[in-house]
Amino acid sequence: MNVLIYLVPMALALGLTGLAAFLWSLRAGQYEDMDGAAVRVLSDDDVTPRDAAPTLRPGLRSGSIDV
Amino acid sequence: MSAAATETLDLSMFVHRRNGAAHMDLAVEDVGCAACIRKIEGGLKQIPGVVDARLNFTNRRLAVDWREEELSAAGVIAALEDIGYRAHPFQQERAETQEAQHMRWLVKCLAVAGFAAMNIMLLSVSVWSGSDMSQETRDFFHWLSALIALPAAAYAGQPFFQSAWRALRTRALNMDVPISLGVILALGMSLVESATHQPHAYFDSATMLLFFLLCGRALDHAMRRKTRAVAGNLAALKADFAHRFDGSEVVRVPAAALKPGDRLLVRPGDRVAADGVVLSGTSEIDESLVTGETERRVVATGDTIHAGAVNFSGTLTMLVTAAGTGTLLDEVERLLDRAVANKSNYVRLADRAARMYAPVVHATAALTVLGWLAAGASAHDAIVTAIAVLIITCPCALALAIPAVQVVASGALFRAGVILNSGDAIERLSEIDTVIFDKTGTLTLPEPRVDNAAAIAPDLLERVARLALSSRHPLAGAVAREARERVPFDGAIEEPGQGVRAMIDGAEARLGSAAFCGVDTAWDRGDEPGASMIAFSHAGRAVTLVVRQKLRPDAVETAAALRARGLDLIILSGDRASAVEPVAASLGITDWRGGLNPAQKIAAIDALKAQGRRVLMVGDGLNDAPALAAAHVSFSPISAADITQAHADAVFLGERLAPVLDAVAIACRARRLMQQNLWLAVIYNAVAVPVAILGFATPLIAAAAMSGSSVLVTLNALRARPPRQRAAVTAPESRGLVAAEASTA
């Protein structure tokens, strides 16, 4: 059982790291705008136009997509 | 109006300096989708001078920083308008800031309690399952648990300890007293047990209890913050602006910046922004929001006018006087003070339960000690068993029973378009047996409408309404509401005091008085002084429109449904009896009174109270404010006067009256579930306590029983959501936050 001497503190340290990370994110205002975070991920501001416009095959350009 | 284009807007009261840049918070209308974020932030950042713009999509607020030498606050708002969004400067209330801080604190406590509960449970499960565990290892685990539990409880238990201490100091009992006692005793006993190498420690129970209760509290608080944010946005949207004379120049300032002694210009169509005295000019003003009277009053130099009145015809100059100097306001303030002081001290269901629960539980624990001592057990065993009784009756289920329902119910109310001002409104609302309505602005729509719209050809009505968009006159405002396409005609000219004209398809169209339009009308307002006529002529076609107060679209059905619930309906109006009678008749309400002043309204409510009735008062006028405060529970529409809204327990959005009915239904349902939950907690205790008294309550049983009962009451609370929420109808109003007001503003 001697293994517990360092396994248990390690487990606790990991847990404390998680707690500290959460408290940091709380202080940094990460939870101020939960709905915004959900929709901002859909915005492609950070994509340059060249990346954003994949070349479409001619037949697909204006047609509707079947779902 | 060319003056409007050049007039300066002074928003300095909303602007703060931060790191060398100006900062302003704005409530933005009609933010509905992800694209709006990019449009607003991207659009603003392209404007020279703007340093940063960040939209909070959750509460629809925009924070803008800009360099003042390049841009003005009014310029920021104008830029937003160009992008396509209306924004309203916003002053964060102190209460809201405090709540945000409190919320953060609760979440921190929750995180700490959660961390502690999980890690201690890990150690506890090992102890429970490790039957071949050596005593040294068990003690080691107990001491480790203590090391985690004690600091965690000292930190995360503070919300309960502080509240319990406050209650005890005033010699009262609330649910936090037994909670705090339970936690402290459990920790203390576990420490002693660990020190004496005993097998059972309750560190896990204590921290788990804190974790569960903090979950309930944080959710409750989050719900309250959400509704407050919406209320704040609506207030920003409703905030009036006034035209103030700064020397000879007229500056547009927010009403909140007005001080006694300011001189204001009140144009036709403007809402009077503050109480004061007319310095010059004569006009007719509509005081329906103040007194409920639909007939317009003629005012001239020296007359007192109140905030909330709408100027109808002439331009006035007024002097702002200190609040409370007007005769009506004086009376309202005096009655309010009395009504608030008399407000019966309502004891919440949870506190009533705590008052019964705490003595019973503590007496049981004491009897357990005595019983075991009498049976010949050692003092140590007797005390340990008694504390186990306290832990297992730990009011986990009881303390969650009511808040859990409250969270679900206020969420349901929010979706129904009702914003709660006070926490115990749901409980009080469930007890009512009588509903008193004010008439003007409550049963009727807050603004007059075109009554004969259905009788006019749709294409003609559209033309009339679009022409009306070019006029500032309040009657034209009512007509303009009929426009499907809100595009004014080019080159429309307003003739002050007469009407508005424009060239449409090569012929002149006129909207205004009958004489201005050359229309011969046989219309007679008869004995209905609140109604008005407005004429329209264009290319040989002429039409007269009758504008009057109309009932809310669903008032008749709502009244019938309320009556079907067994509630008595009464109308108490400040308007003339002749104006109240037809409304009462169409709603089938036989008990109505007109021409009441605020004191008489209170007297009527007091008389009902004396009969043992519990009254829901629904009103919007300044004259209703004391009555709202005096009633058992009160509602006001979002269009109500500010003081009135502040004294209402809840505010409802939109044009329909249905939120009142929905709220009563949701509250009654919530009440039933609260009682069910309390009974569930009682049944749980009836089973668990004998087990504990007999000394069989191991920490494992305590943990299982506690989490089981908490989950049970929480699941039951979820049923507080009405089976078919009319979300489809009312959701846009509360989801869009300000959309409902945009259409009526």
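Okay, residues lined up against (1) within 22 Å of residue B:291 (Cα to Cα); (2) in contact (Cβ under 8 Å) with a residue 60 or more places away in the chain; (3) surrounded by fewer than 22 Cβ atoms within 10 Å (Cβ to Cβ):
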position	(1), (2), (3)
B:551	yes, yes, yes
B:593	yes, no, yes
B:619	yes, yes, no
B:622	yes, yes, no
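In region A:1-12, of all residues being open to solvent by 50 Å² or more (accessible area, probe 1.4 Å) and more than 7 Å from every other protein chain (Cβ to nearest Cβ), the one that is nearest to residue B:134 (Cα to Cα) corresponds to A:2. Residues in region B:86-97: is at least one surrounded by 16 or more Cβ atoms within 10 Å (Cβ to Cβ), part of a loop (DSSP other than H, G, I, E, B) and more than 14 Å from chain A (Cβ to nearest Cβ)? Within region B:86-97 (the criterion being surrounded by 16 or more Cβ atoms within 10 Å (Cβ to Cβ), part of a loop (DSSP other than H, G, I, E, B) and more than 14 Å from chain A (Cβ to nearest Cβ)), the answer is yes, since at least one residue qualifies. Selection over region B:283-314 of residues that are of a type in the set (A, V, I, L, M, F, W, C), at pLDDT 85 or above and open to solvent by 20 Å² or more (accessible area, probe 1.4 Å) gives a count of 3.
Out of curiosity, is residue B:420 hydrophobic (A, V, I, L, M, F, W, C), within 24 Å of residue B:232 (Cβ to Cβ), open to solvent by 30 Å² or more (accessible area, probe 1.4 Å) and in contact with a helix residue (DSSP H, G or I) (Cβ under 6 Å, 6 or more places away or on another chain)? Talk me through it step by step, then tell me what you get.
Values: hydrophobic (A, V, I, L, M, F, W, C): yes; within 24 Å of residue B:232 (Cβ to Cβ): yes; open to solvent by 30 Å² or more (accessible area, probe 1.4 Å): yes; in contact with a helix residue (DSSP H, G or I) (Cβ under 6 Å, 6 or more places away or on another chain): yes.
Spelling it out, residue B:420 is indeed hydrophobic (A, V, I, L, M, F, W, C), within 24 Å of residue B:232 (Cβ to Cβ), open to solvent by 30 Å² or more (accessible area, probe 1.4 Å) and in contact with a helix residue (DSSP H, G or I) (Cβ under 6 Å, 6 or more places away or on another chain).
Out of B:571, B:605, B:643, one residue alone is over 16 Å from residue B:435 (Cβ atoms), in contact (Cβ under 8 Å) with a residue 60 or more places away in the chain and surrounded by 19 or more Cβ atoms within 10 Å (Cβ to Cβ). It is B:643.
Kindly indicate whether residue B:137 is surrounded by fewer than 21 Cβ atoms within 10 Å (Cβ to Cβ), over 31 Å from the mean Cα position of the chain (by Cα) and closer than 20 Å to residue A:13 by Cα. The answer is yes for residue B:137.
Residue check: is residue B:245 open to solvent by less than 60 Å² (accessible area, probe 1.4 Å) and over 23 Å from residue B:107 (Cα atoms)? Show your work before the answer.
Working: open to solvent by less than 60 Å² (accessible area, probe 1.4 Å): yes; over 23 Å from residue B:107 (Cα atoms): yes.
Yes.
Here is a yes/no grid of residues against (1) open to solvent by 50 Å² or more (accessible area, probe 1.4 Å); (2) in a helix (DSSP H, G or I):
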residue	(1), (2)
B:404	no, yes
B:426	no, yes
B:459	yes, yes
B:464	no, yes
B:475	no, yes
B:485	yes, no
B:491	yes, no
B:509	no, no
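Candidates in region B:51-77 are the residues that are over 33 Å from the mean Cα position of the chain (by Cα) and not basic (Lys, Arg); of these, the one that is nearest to the other protein chains (Cβ to nearest Cβ) is B:51. Output the residues belonging to region B:14-33 that are within 14 Å of chain A (Cβ to nearest Cβ), open to solvent by less than 10 Å² (accessible area, probe 1.4 Å) and assigned to a strand (DSSP E or B). B:28, the sole residue that qualifies. With the requirement that a residue be more than 12 Å from chain A (Cβ to nearest Cβ), open to solvent by less than 60 Å² (accessible area, probe 1.4 Å) and either among the β-branched types (Val, Ile, Thr) or closer than 18 Å to residue B:217 by Cα (or both), what does region B:98-125 give you? B:99 - this is the single residue of region B:98-125 that is more than 12 Å from chain A (Cβ to nearest Cβ), open to solvent by less than 60 Å² (accessible area, probe 1.4 Å) and either among the β-branched types (Val, Ile, Thr) or closer than 18 Å to residue B:217 by Cα (or both).
The values are calculated or read from the model by the stated rules, or taken from the named source; none is laboratory data. No experiment lies behind these values; they were computed from the predicted model shown. Because the Cβ atoms are built from the backbone with ideal geometry, glycine has one as well, and the counts that use them run over all protein chains shown. The area values use the complete protein model at the heavy-atom level, side chains included, leaving out ligands, DNA and RNA. Shrake-Rupley method; radii C 1.70, N 1.55, O 1.52, S 1.80 Å.
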